[in-house]
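To start, the structure itself, in structure tokens.
Just so you know, all these numbers are worked out from the coordinates, no wet-lab data involved. Bear in mind the structure is a predicted one, so any value in this text is a computation, not a measurement. Every residue, glycine as well, gets a Cβ built from its backbone with ideal geometry; the counts of neighbours run over all protein chains shown.
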Number of protein chains: 2
Amino acid sequence: MGAKLRERLVVIGGDAAGMSAASQARRMQPDLKITVFERGFYTSYGACGLPYYVEGLIKEIEDLVARTPEVFRQKYDIDARVFHEVENIDLNRRAIRVRNIKENKTFWEEFDKLLIATGASPIRPKLPGIDAQGIFSLSILPDGLAIRQAVQEKSTHRAVIVGGGYVGLEMAEALLARGLEVSLVELLPQVMSTLDEDMAELIAHTLREMGVTLYLGEGVERFEASGNRVSGVKTSKRLLPADLVILGIGIRPNIALAKEAGIPLGETGAIAVDNHMRTHVPGVWAAGDCVECTHLVSGRKVFIALGTVANKQGRVAGINLGGGDAQFPGVVGTAIAKVGETEVARTGLSAREAETLRIDHVTAFVKARTRAKYYPGGGSAAVKVVAEKNTSRFLGGQIIGPPGAGKRIDIFATALHAGMKVPEMLYLDLAYAPPVSPVWDPVLIVLRQVAGKL
Amino acid sequence: MGAKLRERLVVIGGDAAGMSAASQARRMQPDLKITVFERGFYTSYGACGLPYYVEGLIKEIEDLVARTPEVFRQKYDIDARVFHEVENIDLNRRAIRVRNIKENKTFWEEFDKLLIATGASPIRPKLPGIDAQGIFSLSILPDGLAIRQAVQEKSTHRAVIVGGGYVGLEMAEALLARGLEVSLVELLPQVMSTLDEDMAELIAHTLREMGVTLYLGEGVERFEASGNRVSGVKTSKRLLPADLVILGIGIRPNIALAKEAGIPLGETGAIAVDNHMRTHVPGVWAAGDCVECTHLVSGRKVFIALGTVANKQGRVAGINLGGGDAQFPGVVGTAIAKVGETEVARTGLSAREAETLRIDHVTAFVKARTRAKYYPGGGSAAVKVVAEKNTSRFLGGQIIGPPGAGKRIDIFATALHAGMKVPEMLYLDLAYAPPVSPVWDPVLIVLRQVAGKL
């Protein structure tokens, strides 16, 4: 008599990967019962937009929310419950224990299929004074709200950013735009550790020209506080006064739930998945910032937490959860950031990474115009490429230049996906018109330089 | 006793292909005696910049000249002689007859190796009235000088552009900026015949919004003149008053010299060359707008006269002429133009071309944002792709959108060079940051649409 029971998909985490997967699974399978538990207040938000919210370019925090729980409920028939934290995964019972944070009640929710999309969290170093007010990470929307509020306080004049990665650089721009004095402290001797030193030095120069004071090769030892409010950052070399501190020293995958449940982690410490986004436990998938993936150039497993990757993995997981067959091939390590009027982008292996992997390689570096010399505007882009010595395989590229320069990295990324060799790339039929490119695109100029060394 | 005679390279034509080849040959072989004959006044000029010179964005015509004959002489030891027209190639004597235009004298010049880089000339239809003053083509620098002068005359108010290709569109923008009333007449029912109809309609809309009056599907029958000055363009449907006419109806390769000498032409009517830029006659090379080349997607020979291709071919010819070994692989049909604030780009095969080639294909079309939805600026790009039905091979793409949209065509061009299939392209690791791209780049969105039809 009874109707056939609906298959139950439960998703832990309501951001990019989780909600992409849920909506994709819904498109594939109208009958699936889909429930998403998100411990925060927002679903499907664009954390990458937070620096621009702090800067004021984006007016309302809600503008960063792609879709609300209500939209998921009404349009996709997805039961997305915010303020619900998952505390335990019981693989034997095929159920998770969930805490309704507002009502402080827990309950068990059964699943037939489970997707873990718990994301990653910013690293907060256990240094003296770390708990003082005014020390922020930048990961979820409430971080953005709190920082913007702090920035607008009259007593906030001096900001110290700890960490010279993408978050640090984007926040430097945002805080300068807000009229703050901005210092940036980085433990390594360069900013942007995913770039080679020579390229990083160009970005350091850009930052200094924008007005950021850089302290490279300095570790933070403790935070000073006045009352319970941060007042300074003590580095290995000096004490920097600070009314506001931004931490941008990296993130860690949120794997506690998976680990406790016995779901295997990979060599990077993130959850191990295959190219269908299946974990090693039948019926359990994982996607987004909590998993590791394959770097297509090195062949190694890497932990790369980026919104674009999380969305792709979520889509793949969703198709498979919905009964389809999709594969996530892996990444080539592409990233881009805007710093003032400068774009910085990278993909594949840097020379340093090639060195670490003991790949015999050559590099080339050029500065070349992004438009025809005679066409107004544009400017000079610095482009560096890396190629393997014996095979001539293209390994990676880095670009720093004016608006429009950075997205040229996609040419390199596409070539890496295709496994192209440098000689195959020398005469790529790239688009040319004076307002957008010189006859020899900088990308082609640097490629022929590197070809000369192979 | 006598020193070894220097090998003599003679180049006919001193623009992109000829001068690229000459300077490349020089880099390879310091001993080579290199002589270039150019019938015009300028060497190595950027004809692609002429619309912007007419517009006034570029102040002096000399700004378009990359290198003067003096630079070639002094820096490269290349004897570049302007106002020297080659009248005859005698393959038996291994010599060319040259006319010194200024002195009206002819002489014979012997060569060991010859490079034909005679370029192409705009088509001037033999219609009644074509010789009236005020009817211009746009090909060499003096054309630009004459048009700019005409534009600045007080009596010039109404311009008619004949031909809706790249030249026509770029000139429409330039003449509008100069305050003229601009009409554009095109024989075909669409502008930009290298685009599919649906995409061309978007550009037509852009042109109309800019203030260009379009007359599509109308052939020009004759030109009216008042005195010996053009006063109107008579089409199959109407008489358009005109103080200035720009012809942009295509170009033909300058092959008369080669043909008379018995150097074989190809199926397109341009000079036939192999991938080393050798003609079928030993010791004779050809490069640039006067040759045909291989379309890597269709496998067919095509006549594509573009500065970027001419430079590449010139470089390849120069390396080989200098004793090296370089190959020009061919083109994938990439082109781009800026029309006002809109970029239009294409590569590979359009749906129409796939149809003509009887390739069983599918297409997809999307409009998608070029930046994160919440990030200010950016806009919507229209992207169309074509893929082969049975093999899933990616065949081509077309993009129309705001600044930054057009150069995304390079992703497609790179994929075409690599022979990628659509499933390999679905999760390309393209660069994402809110100011330059949404998490799903328009390129990826349209690819997954087309994948759904394969």
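Remark: spin-label model distance A:Leu188-B:Thr356 equals 5.1 nm, labels positioned 7 Å along the Cα→Cβ axis. Sequentially through region A:334-340, phi angles give Karplus couplings (6.51, -1.76, 1.60; θ = phi - 60°) of 7, 8, 8, 8, 9, 10, x Hz, Gly and Pro residues having no value and appearing as x.
Both radii are taken from the alpha-carbon atoms of region A:208-312; with Rh as the Kirkwood radius, Rg/Rh is 1.15.
Roughly how many Å is it from the Cα centre of region B:197-259 to that of region B:333-376, as a whole number? Going from one Cα centre to the other spans 24 Å.
Placing unit charges on the Cβ atoms of the charged side chains and taking the dipole of region A:345-451 about its Cα centre, the candidate lying farthest along the positive direction among A:Ala368, A:Ala354, A:Thr414 is A:Ala368.
Only bridges with both residues in the protein assembly as shown count here: give the DSSP antiparallel percent, nearest 5. Walk me through the numbers before you get to the answer.
On the way: 112 of 180 bridges.
Percent antiparallel among DSSP bridges in the protein assembly as shown is about 60.
Extending 7 Å from Cα along the Cβ direction at B:Asn100 and again at A:Arg94 yields two label points whose distance is 9.6 nm. Sorted from longest to shortest, the spans of the Cα atoms of chain A along the three principal axes equal 78, 59, 40 Å. With the label put 7 angstrom out from Cα along the Cα-to-Cβ vector, A:Pro264 ends up 6.1 nm from the copy partners, going from closest to farthest.
Let me know the charge dipole size of the protein assembly as shown about its Cα centre in debye, to the nearest 20, where only the beta-carbon of Lys, Arg (+1) and Asp, Glu (-1) is charged. Don't jump to the answer; show the numbers that get you there.
Values: 108 positive and 100 negative charges, 108 e Å.
Roughly 520 debye, rounded to the nearest 20.
Percent antiparallel among DSSP beta bridges with both residues in chain A, to the nearest 5?
Values: 56 of 90 bridges.
DSSP beta bridges in chain A are roughly 60 percent antiparallel.
Share of Cα-Cα pairs in region B:173-244 beyond 17 Å, in percent? The partial results should precede the final answer.
Values: 1273 of 2556 pairs.
For region B:173-244, the share of Cα pairs beyond 17 Å comes to 50 percent.
Measuring max minus min along each principal axis, the C-alpha atoms of region B:363-416 give extents of 41, 18, 15 Å (largest first). Put simply, the amide H of B:Ile246, placed in the peptide plane, has neighbours under 5 Å in B:Phe136, B:Val160, B:Ile161, B:Val162, leaving out anything fewer than 5 places away on its chain. Extending 7 Å from the Cα toward the beta-carbon at both A:His205 and B:Leu216 defines two label points whose distance is 4.9 nm.
Between B:Lys259 and B:Glu153, take the C-beta separation as r, use R0 = 51 Å, and let me know the FRET efficiency to the nearest 0.05. For B:Lys259 and B:Glu153, the calculated efficiency is 0.80.
Within a 10 angstrom radius of each residue's Cβ in B:412-424, how many Cβ atoms of other chains show up on average? Whole number is fine.
Details: counts 2, 6, 15, 5, 2, 10, 9, 1, 4, 0, 0, 3, 4.
Mean shielding by partner chains, rounded to a whole number: 5.
Here the 3J(HN,Hα) profile of region A:313-323, calculated from phi with Karplus coefficients 6.51, -1.76 and 1.60 at θ = phi - 60°, is 5, x, 4, 4, 4, x, 4, 5, 5, x, x Hz, Gly and Pro shown as x. Computed over region B:1-70, the quotient of the alpha carbon radius of gyration and 2.2 N^0.38 Å is 1.42. Placing a label point 7 Å from the Cα of A:Glu110 along the Cα-to-Cβ line, the residues of region A:77-92 whose backbone N sits under 16 Å from it are A:90-92. In whole angstrom, region B:124-249 maps to an equivalent ellipsoid with semi-axes of 22, 16, 13, each derived as √(5λ) from the alpha carbon gyration tensor and ordered largest first.
Looking at region B:124-249, the DSSP beta bridges with both ends there are about 35 percent antiparallel. One way to sum up the overall shape of region A:413-454 is the equivalent ellipsoid from its Cα gyration tensor, whose semi-axes run 20, 13, 7 Å, largest first. Of B:Lys126, B:Lys75, the sequence from fewest to most neighbouring Cβ atoms within 10 angstrom is B:Lys126, B:Lys75. Using every pair of distinct Cα positions in region A:341-439, the Kirkwood expression returns a hydrodynamic radius of 14.0 angstrom. Translational diffusion of region B:259-394 was estimated from the Stokes-Einstein equation, with Rh taken as the Kirkwood radius over Cα pairs; at 25 °C and 0.890 mPa s the coefficient is 141 µm²/s. Dividing the mean sequence gap of close Cα pairs (under 8 Å, 6+ apart) by how many residues region B:124-249 holds gives a relative contact order of 35 percent. Counting every Cα pair in the protein assembly as shown, what percent are over 58 Å apart? Everything past 58 Å amounts to 17 percent.
What's the FRET efficiency of A:Phe365 with B:Arg27 using the Cβ-Cβ distance as r and R₀ = 30 Å, to the nearest 0.05? Intermediate values should be presented prior to the final figure.
Numbers: r = 20 Å, r/R0 = 0.66.
After rounding to 0.05, the efficiency reads 0.95.
Computed per residue of chain A from DSSP H runs no shorter than four, each worth -39500 (n - 2.57), the mean residue ellipticity at 222 nm is -7500 deg cm²/dmol. When the alpha carbon gyration tensor of region A:156-208 is reduced to an equivalent ellipsoid, its three semi-axes come out at 20, 10, 8 angstrom, largest first. In nanometers and ordered shortest first, the copy-to-copy spacing of the B:Arg27 label point, defined 7 Å from Cα toward Cβ, is 4.7.
For region B:65-197, the average shadow cast by the Cα convex hull is 12.8 nm², which is a quarter of the hull's surface. About the centre of its Cα atoms, region A:345-451 shows a dipole size close to 300 debye [charges on the beta carbon of Lys, Arg (+1) and Asp, Glu (-1) only; nearest 20 debye]. Neighbour counts of C-beta atoms inside 10 Å place A:Ile409, B:Ile304 in the sequence B:Ile304, A:Ile409, starting with the fewest. Taking the charge dipole of the protein assembly as shown about its Cα centre, with +1 at Lys and Arg Cβ atoms and -1 at Asp and Glu Cβ atoms, the residue from A:Tyr52, A:Phe41, B:Leu115 reaching farthest to the positive side is B:Leu115.
With only Cα atoms counted, region A:228-277 has Rg and Dmax values of 18.6, 49 Å.
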